[in-house]
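K.L.:
Here you go, one structure.
Derivation of every value follows stated rules applied to the coordinates shown; laboratory data play no part. Note that this is a predicted model, so its numbers are computed, not measured. All Cβ positions, glycine included, derive from the backbone under ideal geometry; neighbour counts span all protein chains shown.
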Amino acid sequence: MKLVYFAWVRERVGKTDEDVELPEGIGTVADLVRWLKGRGEEYSYAFENEGVVRAAVDHVHVKPEASIAGAREIAFFPPMTGG
Amino acid sequence: MARTIRIQSEPFDTAVETAILTEGRADIGAVVAFTGLCRDEGGRLAALELEHYPGMAEAEIDRIAGQAESRWPLLGLTVIHRFGRISPGEEIVLVLAASAHRQAAFEAASFLMDYLKTQAPFWKREHLKDGTTGAWVEAKEADDRAMERWA
């Protein structure tokens, strides 16, 4: 599964994207965030306030409880500031 | 309906885009154009840098445009959003909404901008006049409230 990061989430994680092999039992975006936070300080820093970081599954905004089954690309980013 | 969505680093020309939207059309009675510009924040800013999520940016704006089309009787829509480094005074975003009558065009343009600001995957970072890189621009609660009024 491909993970991509943007803006200050990208800077805190220290990479733009990565491919990960998820262990069993990671069914939702919230599960994935919990797993990522256990991978190192850069992840726990990026996701220190879980209520702030947004997620998209295959280019569609989703909530933390959304399923990630079958997803190709999951993105994490701060609240958007375009326009 | 004519729907044009572009994500680009180059500047755009509102007059040219409006002419393209209305060319050969006798049914359009109203075109509302909104152009968002880069401010210098009282002389503090040298530039804004806009990061975007390629692929999702186009897809999300397309979804927002589809919602606007289902809510108002539109005859054409153009949305152009720039990315990269943008200097004060330069344009960042263009929304053109065309309809037979003005009310639908005004409302659709306003709706599109409110949704773009909070839903389209773009992020602004400040570059300061003193040569340093400033902070990421924080999302404003007022923008969320502006979007919620369409719910």
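K.L.:
Taking amide H positions as placed in the peptide plane 1.01 Å from N, state which residues far from B:Gly76 in sequence (5 or more) or on other chains have amide H under 5 Å from it.
P.N.:
B:Ala98
K.L.:
Charges only on Cβ, +1 for Lys and Arg, -1 for Asp and Glu: so what's the dipole of the range B:1-87 about the Cα centre, in debye to the nearest 20?
P.N.:
Dipole magnitude for the range B:1-87 comes out near 140 debye.
K.L.:
Which one, B:Trp136, B:Pro11, B:His101, is farthest towards the positive end of the dipole of chain B when Lys and Arg carry +1 and Asp and Glu -1 on their Cβ?
P.N.:
Positive-end residue among those listed: B:His101.
K.L.:
While we're looking at this one, here's another question. In straight Cα distance, which aspartates and glutamates are under 18 Å from A:Lys37, not counting same-chain residues fewer than 8 positions off?
P.N.:
A:Glu11, A:Asp17, A:Glu18, A:Asp19, A:Glu21, A:Glu24, A:Glu48, A:Glu50, A:Glu65
K.L.:
In terms of modelled amide H atoms, which long-range or inter-chain residues lie less than 5 Å from the amide H of B:Ile5?
P.N.:
Placed amide hydrogens put B:Val79 under 5 Å from B:Ile5.
K.L.:
Would you mind ranking A:Asp58, B:Asp62, B:Asp130, B:Asp143 so that the residue whose beta carbon has the fewest other beta carbons within 10 Å leads the list?
P.N.:
So the residues, fewest neighbours to most, are B:Asp130, B:Asp62, A:Asp58, B:Asp143.
K.L.:
How high is the relative contact order of the range B:1-116, in percent, with contacts defined as C-alpha pairs under 8 Å that are six or more residues apart?
P.N.:
41 percent
K.L.:
Using θ = phi - 60° and the Karplus relation 6.51 cos²θ - 1.76 cosθ + 1.60, list the HN-Hα couplings for the range A:9-16 in order, rounded to whole Hz, with x at every Gly or Pro.
P.N.:
So the Karplus estimates, Gly and Pro as x, are 5, 4, 5, 5, 5, x, 7, 7 Hz.
K.L.:
Rounded if a/c is under 1.5, else prolate if a/b is larger than b/c, else oblate: which is the range A:36-83, with a ≥ b ≥ c the root eigenvalues of its Cα gyration tensor?
P.N.:
oblate
K.L.:
In addition: Counting other beta carbons within 10 Å of each Cβ, put A:Leu36, B:Leu75 in order, fewest first.
P.N.:
Listed from fewest to most nearby Cβ atoms, that is A:Leu36, B:Leu75.
K.L.:
May I ask you to compute the full-extension gain from B:Glu148 to B:Glu69, defined as 0.36 nm times their residue separation minus their alpha-carbon distance, rounded to one decimal in nm?
P.N.:
26.6 nm
K.L.:
Distance in nm between label sites at A:Ser44 and B:Asp27, each 7 Å beyond Cα in the beta-carbon direction?
P.N.:
6.1 nm
K.L.:
Please give every one of the aspartates and glutamates within straight-line cross-link reach of B:Lys140, meaning a C-alpha to C-alpha distance under 12 Å, and leave out same-chain neighbours fewer than 8 residues apart.
P.N.:
B:Asp114
K.L.:
Counting only other residues whose beta carbon sits under 11 Å from that of B:Ala135, what net charge do I get with K and R as +1, D and E as -1?
P.N.:
It works out to a net charge of 0.
K.L.:
Treat chain A as a sphere of radius equal to its Kirkwood radius over Cα pairs and apply Stokes-Einstein at 10 °C in a medium of 1.306 mPa s; give the translational diffusion coefficient in µm²/s, rounded to a whole number.
P.N.:
Answer from the Stokes-Einstein relation: 125 µm²/s.
K.L.:
Oh, and also: Using +1 on the beta carbon of Lys and Arg, -1 on that of Asp and Glu, and nothing else charged, what's the dipole of chain A about the Cα centre, debye to 20?
P.N.:
Using Cβ point charges on Lys, Arg, Asp and Glu, chain A gives about 200 debye.
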